[in-house]
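The values are calculated or read from the model by the stated rules, or taken from the named source; none is laboratory data. Since this is a predicted model, take the numbers as computed values, not measurements. Every residue, glycine as well, gets a Cβ built from its backbone with ideal geometry; the counts of neighbours run over all protein chains shown.
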Amino acid sequence: MSQATNDPTAAGTHAGGLQTYTTFRLREGLFGIAANVVKEVTALPPLTRIPHAPAAVRGYVNLRGHVVLVVDLNCLLLRETATLHPESRLIVFKSELGDTFGVLVERIGEIVELSAKQIETHCAGTETSGSDLSEWQKKELLCGDGKLDGELLSIIEARRLLPCLERAVGRRSAAADGRRFASLKEISL
């Protein structure tokens, strides 16, 4: 398994020094994930909810015979739960990231290529571009900003999504007596 990195310029790099990102929308923001860890982007199949699961865990879907955990990325980033609509998509990640999972996004964008000059890497403890994330989630998930024509692309480190979700589930369980799940592993089938 590849080592997680805070350097968004290392993710998805190919000849010519360009990095490729799959982009998507969450509310008003434009986000991107290294394209080399994305297995597929698909319309959201029927969702099976998990009783008593945290809000960031939307449930499971059956994707051509494979059970895929669906994470509400909007909720994980301390925002409201994403509203499902016809443009909602599921970004499914390659197995190299761990258990099979995908993130629910409001609208898929384009595949973009950025040079290292177009990316500003975040260092631990620095502020990100106006985001409302708590300090630990900034450090965990957002690893840089890509400068596009007229818009900023917040780059998410996909390798940290499951560990971040695991910590969020653990913190929520510790804060609320009677929670059914103490960890993400307990939600698994």
Out of (1) crowded, with 20+ Cβ neighbours inside 10 Å; (2) modelled with pLDDT of 90 or more, what's the single condition that is false for LEU161?
(2)
So, of the residues in the range 111-149 that are of a type in the set (Asp, Glu) and more than 16 Å from ALA56 (Cβ to Cβ), which turns out to be modelled with the highest pLDDT?
GLU113
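Yes or no, residue by residue, for (1) basic (Lys, Arg); (2) in contact with a Pro (Cβ under 7 Å, 6 or more places away or on another chain); (3) surrounded by fewer than 13 Cβ atoms within 10 Å (Cβ to Cβ):
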{"residue": "LEU30", "(1), (2), (3)": "no, no, no"}
{"residue": "LYS39", "(1), (2), (3)": "yes, no, no"}
{"residue": "ALA53", "(1), (2), (3)": "no, no, no"}
{"residue": "LEU69", "(1), (2), (3)": "no, no, no"}
{"residue": "CYS75", "(1), (2), (3)": "no, no, no"}
{"residue": "ALA82", "(1), (2), (3)": "no, no, no"}
{"residue": "GLU87", "(1), (2), (3)": "no, no, yes"}
